[in-house]
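Asker: Dumping the structure here so I can ask a few things about it.
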Ligand code: GLU
Ligand code: ZN
């Protein structure tokens, strides 16, 4: 697959060093679609370069005890498996850099923090929050950069003794070198950060807990990650991390600085960034609605990437074969639910019928299905399934499309009833009943002819004649092809439902 020439440099894989990428979510809340897109691009990158020994590392960044939960951790693992992202190293799989949960690696971080302090790359900062805030305000008012001002960079022994005597406990701050940092982003090209915009930053809390700013690059270094592909929201941490890497290399902790690629923002409704708290962003919602992992991944891959200008629908194998991070578009991508559904519908149609019927199973029973388990009829289901497969956007729609087969009575939907039952509908239904009663029930054509003839007898086209029959039998104005539906429901039930509708109209 030829891709358009890119102005950005492509990933240059050092010969002999297999690329290693990672997906390292924090287990807070439900997995969301932005996170899935990040996992997808990393996984696709690794699988694209599988031939050269590329590896995909899955790491859990659970150092924030106040926000992380075991439930969320389990959901992440479950989501990864549902999406089909296998990992070469990580939780439950293990690997040479185990453990892969940061909460189990605390002594590693304490050791690295001590080394950074020892070498002068980090220092203790005793400033209280109030002091930081008031100095920030003053800097703002004076039009100076408002980040940390380096107050504790070079404290004397007396000052330290005084702070300790006051009972202050310090945080650990990384000392940013006083120089401009430039790197070539795999997606955005060359980026430059000047020192006044990247102040010294905290790496360990006053209570000794290491922060994301430390544990994330330390683990990327120790796990020998070569390419960091992550969301644009993390771009501001990259110059800090590059400086930290330089210190880690000096200390013998890191071997190299990875390449970075920042994936575009995902925008939601009203051109606002899709927030992970936005219900529309929750992966569980898509699973419950019956998106296929294939369909969802196809759509999410289009948030910043494309296979070609004229092909929106493709398999994950096609994506993997073509994926190159230098083709990722840096502009924000808009999440378009309609398009996501349309692509999912295509993937539903692409399934083998047998596969389709199996994947519908959860929506054919409680709590989704309103019928009793013993009223479900496997033969009827197998007969109707191919007709449903071509019409669903998401699998959960199957329930309402086939409920007329398994409920004793069609659903009562007043809106549909009023819409379909017009003056003369009773006469039409009576004729249709008569014709259907003497039709050949082994083919939908014969049933269609029956309704067509009934319509003609009352001066109605097929479409108009069909509507009252459909509502009488299925309860709804829209649904699967009518004559196939009638045939599968059977003569006896169809006629009985038309009789019931006639009685209701007469009442
Ligand atoms: N744990 C971080 C997050 O969830 C990972 C950031 C990164 O990929 O470097 O945002
Ligand atoms: Zn300070």
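The values are calculated or read from the model by the stated rules, or taken from the named source; none is laboratory data. From a predicted model like this one, the values you see are computed outputs, not experimental measurements. Heads up, the Cβs are rebuilt from the backbone with ideal geometry, glycines too, and the neighbour counts pull from every protein chain shown.
Asker: Which of the residues belonging to the stretch 333-347 are assigned to a loop (DSSP other than H, G, I, E, B) and surrounded by 16 or more Cβ atoms within 10 Å (Cβ to Cβ)?
Answerer: 335
Asker: OK, next. Does the stretch 148-166 contain any residue that is under 36 Å from the mean Cα position of the chain (by Cα), modelled with pLDDT under 95 and away from ligand 1 (no atom under 16 Å from the Cβ)? Give the derivation first.
Answerer: Initially, the stretch 148-166 is screened for residues under 36 Å from the mean Cα position of the chain (by Cα), giving 148.
If we keep only those that are modelled with pLDDT under 95 as well, we get none.
No, the conditions are met nowhere in the stretch 148-166.
Asker: Oh, and also: Quick check on my filter: what residues within the stretch 54-86 are closer than 14 Å to residue 36 by Cα, in contact (Cβ under 8 Å) with a residue 24 or more places away in the chain and within 16 Å of ligand 1 (Cβ to nearest atom)? Steps first, please.
Answerer: Of the residues in the stretch 54-86, the ones closer than 14 Å to residue 36 by Cα are 58, 75-86.
Right, trim to in contact (Cβ under 8 Å) with a residue 24 or more places away in the chain and you get 58, 75-76, 79-80, 82-86.
Passing the criteria: 58, 75, 76, 79, 80, 85.
Asker: Out of all the residues in the stretch 189-201, which are in contact with a strand residue (DSSP E or B) (Cβ under 6 Å, 6 or more places away or on another chain) and buried (at least 18 other Cβ atoms within 10 Å of the Cβ)? Please lay out each step first, then the result.
Answerer: Kept after step one, since they are in contact with a strand residue (DSSP E or B) (Cβ under 6 Å, 6 or more places away or on another chain), are these residues of the stretch 189-201: 190-193, 200-201.
Matches in the stretch 189-201: 193, 200, 201.
Asker: Okay, moving on. Specify which of the listed residues (143, 120) is loosely packed, with under 12 Cβ neighbours inside 10 Å, away from ligand 2 (no atom under 15 Å from the Cβ), touching a residue at least 40 places away in the same chain (Cβ under 8 Å) and over 39 Å from the mean Cα position of the chain (by Cα). Show your work before the answer.
Answerer: On the way: 143 fails: touching a residue at least 40 places away in the same chain (Cβ under 8 Å).
Step by step, each of 143, 120 is checked, and only 120 is loosely packed, with under 12 Cβ neighbours inside 10 Å, away from ligand 2 (no atom under 15 Å from the Cβ), touching a residue at least 40 places away in the same chain (Cβ under 8 Å) and over 39 Å from the mean Cα position of the chain (by Cα).
Asker: Condition test on residue 330, is it at pLDDT 95 or above, within 30 Å of residue 259 (Cα to Cα) and under 21 Å from the mean Cα position of the chain (by Cα)? Steps first, answer last, please.
Answerer: Numbers: at pLDDT 95 or above: yes; within 30 Å of residue 259 (Cα to Cα): yes; under 21 Å from the mean Cα position of the chain (by Cα): yes.
Taking the combined requirement at face value, the residue satisfies it.
Asker: Restricting to the stretch 98-117, name every residue that is under 33 Å from the mean Cα position of the chain (by Cα) and crowded, with 17+ Cβ neighbours inside 10 Å.
Answerer: Result: 100, 101, 102, 105, 108, 109.
Asker: Report every pair of residues separated by at least 6 positions or lying on different chains whose Cβ atoms are under 6 Å apart, first residue within the stretch 431-446 and closer than 20 Å to residue 384 by Cα, second not in a helix (DSSP H, G or I).
Answerer: Taking only residues 6 or more apart or on different chains, the pairs are 446/439; 446/440.
Asker: Across the stretch 156-172, which residue is farthest from ligand 2 (Cβ to nearest atom) among those that are surrounded by 12 or more Cβ atoms within 10 Å (Cβ to Cβ) and under 20 Å from residue 133 (Cα atoms)?
Answerer: Top of the filtered list is 169.
Asker: Among the residues of the stretch 225-251, count how many are surrounded by fewer than 18 Cβ atoms within 10 Å (Cβ to Cβ) and either more than 13 Å from ligand 1 (Cβ to nearest atom) or in a strand (DSSP E or B) (or both).
Answerer: Residues that pass the stated criteria total 5.
Asker: Does residue 200 meet the test of being within 35 Å of the chain's Cα centre (by Cα), more than 30 Å from residue 325 (Cα to Cα) and within 16 Å of ligand 2 (Cβ to nearest atom)?
Answerer: Working: within 35 Å of the chain's Cα centre (by Cα): yes; more than 30 Å from residue 325 (Cα to Cα): yes; within 16 Å of ligand 2 (Cβ to nearest atom): yes.
Yes: the conditions hold for residue 200.
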